[in-house]
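The values are calculated or read from the model by the stated rules, or taken from the named source; none is laboratory data. Keep in mind it's a predicted model, so treat the numbers as computed, not measured. Here the Cβ is made from the backbone with ideal geometry for all residues, glycine too, and neighbour counts use every protein chain on show. Please note that ligands, DNA and RNA were not included when accessible areas were found on the heavy atoms of the full protein model with its side chains. Shrake-Rupley method; radii C 1.70, N 1.55, O 1.52, S 1.80 Å.
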Amino acid sequence: MTASHLLVPVPIPDRVAVLIGSCTPPHILRAEFDAVCAAREVRRFRGPRLGIEDQADREQALSELARANKVLSAYHPRLAVHADSAW
């Protein structure tokens, strides 16, 4: 029996990634890419004192993340990307 927190991430070979991608609808792949990029942007704007422009950028990234997650969750609920995840 293994604990999920003890598992080490293993890189996926390119051929396997292409095979997985070919089985996934294009709009889901695009939503996944958008969600990962938006989550990365949200993580960039952390801190107690953000300027007005930084707050606006963070809110924009959060809305893009929510939009992409809506598409991903409609396809499969466990595909949603969180702003604080390691993804």
Out of everything in region 13-36 that is acidic (Asp, Glu) and open to solvent by less than 90 Å² (accessible area, probe 1.4 Å), what residue ends up being farthest from Glu64 (Cα to Cα)? Glu32
Got a number for residues in region 43-81 being in contact (Cβ under 8 Å) with a residue 12 or more places away in the chain, assigned to a loop (DSSP other than H, G, I, E, B) and under 16 Å from Arg30 (Cα atoms)? 2
Give me the pairs: first residue in region 16-28 and over 18 Å from Pro77 (Cβ atoms), second residue surrounded by 11 or more Cβ atoms within 10 Å (Cβ to Cβ), beta-carbon distance under 8 Å, and six or more apart or on different chains, which are they? Ile20/Ile12; Gly21/Leu29
Does Leu6 satisfy the criteria of being surrounded by fewer than 12 Cβ atoms within 10 Å (Cβ to Cβ) and more than 12 Å from the chain's Cα centre (by Cα)? yes
